[in-house]
Every structure is written in structure tokens, then in C-alpha cells.
Amino acid sequence: MGERVQKSSADEWDQVWIGAHVATMTNNGSAYGELKSAAVAIQDERIAWLGSTAEALDQAAAARRDIVRDAQGLWITPGLIDCHTHLVYGGNRVAEFEQRLCGASYEEIARAGGGIQSTVRATRAATFSQLHESALIRLRRLMAEGVTTVEIKSGYGLELAAERRLLEVARDLGERLPVSVRKTFLGLHALPPEFAADRQEFVNRVCGPWLETLAAAGLVDAVDAFCENIAFSLEETAQLLEAASGLGLAAHVHAGQLSDLGAAELASKWGALSADHLEYLSAAGARAMAAAGTVAVLLPTAYFTLRQTTPPPVGLLRDAAVPMAVATDCNPGTSPCSSLLTAMNMACTLFGLTPEEALRGTTCNAARALGLQDEVGKIAVGMRADLAFWRIERPAELCYGLGANPCAGVMHRGRMRGELN
Ligand code: DI6
Ligand code: FE
């Protein structure tokens, strides 16, 4: 069972965790890639060795007993990955939540200048530190549930300076906290009012000088567009995907949340890492995604908040072998949710994923949705030592509880964030 890498000998390990049940999420033939009564050794920020507890104790002979840590029967999974959030924004949309419950629809509110536009106004008016402070609260909640990587989109600034500020807040959060942040420029989120009479000029700026400036500042890992009747067309989305591809940037697309415009096919055509939402998706769209290796990111808490009734065609995605990820879509309008475990629960209860699919959706498949599959999302030798420790009987328990948080500890890049609790 022991798996050694060249050069990794117990002498070089920094720590070895014994007595753990490990959900490796590798395809080792068992559910969740599980290894019972196993041990994981860490060297610097990587996983150096994986094997049985008995072997680990053999290897870490007497002189090295100081590096042995007892996981006391906890489960260890890869650190969770929230691969789709709009974590940084000003204000909130509680008034709109109330309006919707009194009968107004999301589209009606959006067309009347509310919705995304109201968050744009609040975001433009907010300072860096105000944005930072409110995002930090949400990020800490995610992190408390074992999240070690989070994707953060801009998209509530919709002018260069404000978009830059959002991405700078995202970058700063990743630099200050023990969590890895991927930054996405969601330039085509909504048309800001000052461009109401000239959409094309807005799209040209987003896809041209704004994208180039932000990318040159190192603030853009990927781009994104909200491709929808109430937002941006297929042609406008294609313009952004083409510009991103020219700059060597990755892409995501908000596709099929409210209608099927063919955005999944477009995302696939441009080799986007992911197409997200997908409540409305055809068999042809699913096949195109499978052929391109584009991940389907499912966002059940947005579906829940909007009280939608047509779930994504999970059967089609399974049949076409499209990898499925699950994320919070944390945003003030359609998913005021900073709990990835809640999203996993709803992926099961509302969309019919199995608990194993849901956990793959927040580990290995979420890594793939961010292009990070060689770094994080699985527990294997050479992968980054981003781990979550759980006080659970079996992995399905991560999806079972509503409002429960069985996280007992988190390791990011080989360092524990505090002690096990
Ligand atoms: N889809 C969403 O669910 C969010 N953005 C998007 O493109 C909603 C954004 C909002 O309502 O503020
Ligand atoms: Fe979103």
C-alpha cells in the first residue's frame, strides 16, 4: 500500500499524520478513493508519502517520533475548493429578497434597474477596506468549512477602477490568509447604465483595454461572461473569449442559468475551463462540453434561492461523462451563501448527485474547473498538502448535515491553521 516518491525518505518529512481515514479522491477503485487507517506524510508544502499507519511508524523510526501526529480516526479529504464565487461586493440585497417573496421575479427586478445594478452602485461607492472587510467575513466562513482554494470573480464594478479594486481585494485576501485565491475578471456581468445607449462600446472596452490593463497588472487568472437574454449575447461573449484566448487567459462562462442560448457549446468551442449553472442545457451542449473537457459547475444554492424548478440535466451530464463540480456562487442577489457544505447538500437533495459526486465536485472536479488539477483536489504524492480534517463517520456525512460543520482542522500548503478542534 505504501507509495514512495524518489527522494522522499522519512528523514525529510516535516510531519506524518497517522490513524486517519483518507478520502484521496483518486481513482484507486474504492469509493472516494478511500484508504482506511492510513497515514499521510508532508514535506514542505507537498504530500510526500501515503501508506498505512503501521508502515508510517516503521519509516519514522525512533529518532523521528516528534514528527508523528495522531489524527485520532478523523477523516481527511483534500481541502475543499469553491470554484465559483462573487465574494467581493458592496452592500447586500435583502430588500430585493423581500420583494421576490412578495411576487416580483428576478428578471423583473433586474429590468427595473435593481438586481445586479443595485450591487454595482453599492460596490462603486465602497472603499477598498469596506469591500475587504465584508468579503473577509464571508471568506472566513468558507474557510471554516475546510475550503483551501476559492475562485473570486469581479463583475460588480463594471468600470475599470472599480473592477480593479475588486480584483485587488481578492488578491490581497489570498496573500494575507491561508487560502489560495484564483481571480476572475467577470467583465461582462451586466451593462452599466452609462453605456445603456452604446453596448458595443462597453463590450469593446471590456474585451480590449480593460482586460489588457487588468491582465498586465497580474490581476486576472481567467475571464467570465454572463451569457443570458438579460445580460450578454453569444456574440458578445465570444468577443471576450477570443480576447482572453489571445492573451493566453483561461475562461469560464455563466451558461444556461435562465435559458439555453447555446452558451455551453460556445464555452466548449473556446476551450473554457468551465460552463456554470446549466439548468438549461441540451444533449448537444453536454456532448460539446465532454469533447472539450469543459467542467459543468453546478450551483444549487442559486437554484434554491431563485426557487427555480428545472434542475440541470444531471443524467445528460453523466451519460456524456462531463465532469461535474459544485460551488456556492456566493453573491448578494441569487446566492447569499457562504457554505460550501450547504451547496454539497443541495447538489444531492435538489439535483440528485450522489454524495461521492458532490465531494468530487468540491475537490478534484473543482480543481479541474480552475485548471489546478495537477496541484490540488486529490490526496496523492506530489500534490499540494491542502487538507481538511473531519469528525465524521463516513464521507457522505459531509453532504448530510444542514448547518452542521464537522470540520476539525485545515492544512494549507503543509501548514495547519491552528490545532485540531
Ligand atoms: N449569475 C448569478 O447567479 C449571479 N451573477 C450571474 O451572472 C447573480 C448576480 C446578482 O444577482 O447579483
Ligand atoms: Fe455566478
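No lab work stands behind these numbers, since they all come straight from the coordinates. No experiment lies behind these values; they were computed from the predicted model shown. Don't worry about glycine lacking a Cβ; one is built from the backbone with ideal geometry, like all the others, and counts go over all protein chains shown.
Direction-averaged projected area, Cα convex hull, region 80-199: 7.8 nm², rounded to one decimal.
Once you sort the root eigenvalues of the Cα gyration tensor of region 170-252 as a ≥ b ≥ c, which label holds: rounded (a/c under 1.5), prolate (a/b larger than b/c) or oblate (the other case)? Here region 170-252 falls in the prolate category.
What the Kirkwood sum gives for region 360-421 is a hydrodynamic radius of 12.7 Å, with every pair of different alpha carbons counted. Axis angle, to the nearest 10 degrees, between helix 340-349 and the longest C-alpha principal axis of the chain: 80 degrees. The GNM of the chain, with springs linking C-alpha atoms under 10 angstrom apart, assigns the highest mean-square fluctuation among Gly248, Gly91, Gly187 to Gly248. Taking every DSSP helix (H) stretch of at least 4 residues in the chain, weighting each as -39,500 (n - 2.57) and dividing the sum by the residue count yields a mean residue ellipticity at 222 nm of -9500 deg cm²/dmol. Mean-square fluctuations from a GNM of the chain, with a 10 angstrom spring cutoff on Cα atoms, peak among Ala196, Ala286, Ala222 at Ala196. The count of lysine pairs in the chain whose Cα atoms are under 25 Å apart, excluding pairs fewer than 8 places apart on the same chain, comes to 7.
With a ≥ b ≥ c the root eigenvalues of the C-alpha gyration tensor of region 264-421, is it rounded (a/c under 1.5), prolate (a/b larger than b/c) or oblate? The shape class here is oblate. For Gln43, the residues whose amide H sits under 5 Å from its own are Asp14, Ala48, ignoring neighbours fewer than 5 places away on the same chain, with H placed 1.01 Å from N. Once you've got the GNM for the chain with C-alpha springs shorter than 10 Å, pick whichever of Ala20, Ala388, Ala31 has the biggest mean-square fluctuation. Comparing Ala20, Ala388, Ala31 in a Gaussian network model of the chain, the most mobile one is Ala31.
For the chain, the pair-distance distribution built from all alpha carbon pairs, in bins 20 Å wide starting at 0, is 28, 56, 16, 1 percent. The Cα trace of region 62-148 gives Rg and Dmax of 20.8, 71 Å, the first to one decimal, the second as a whole number.
Please report Ser30, Ser245 as a ranked list, fewest other C-beta atoms within 10 angstrom at the top and most at the bottom.
Ser30, Ser245
Helix 234-246 sits at what angle to the longest principal axis of the chain, using alpha carbons and giving 0 to 90 degrees rounded to 10? Taking the Cα atoms of the chain, the angle to 234-246 is about 50 degrees. In order along region 88-103, phi translates into HN-Hα couplings of 9, 6, x, x, 8, 10, 5, 5, 5, 4, 5, 4, 4, 6, 9, x Hz, rounded to whole numbers, per the Karplus curve 6.51 cos²θ - 1.76 cosθ + 1.60 with θ = phi - 60° and x for Gly and Pro.
Across region 17-127, Cα pairs under 8 Å and at least six residues apart give a relative contact order of 24 percent.
Taking Cα pairs under 8 Å and at least six residues apart, what relative contact order does the chain come out at, in percent?
18 percent
Cβ-to-Cβ counts within 10 Å put Thr53, Thr310, Thr354, Thr328 in ascending order as Thr310, Thr354, Thr53, Thr328, the fewest first. Taking the fewest neighbouring Cβ atoms within 10 Å as the starting point, the ordered list for Met344, Met25 is Met25, Met344.
So for region 83-134, averaging the separation of alpha carbon pairs under 8 Å that are six or more residues apart and normalising by length, what relative contact order in percent results?
Normalised by residue count, the contact order of region 83-134 is 54 percent.
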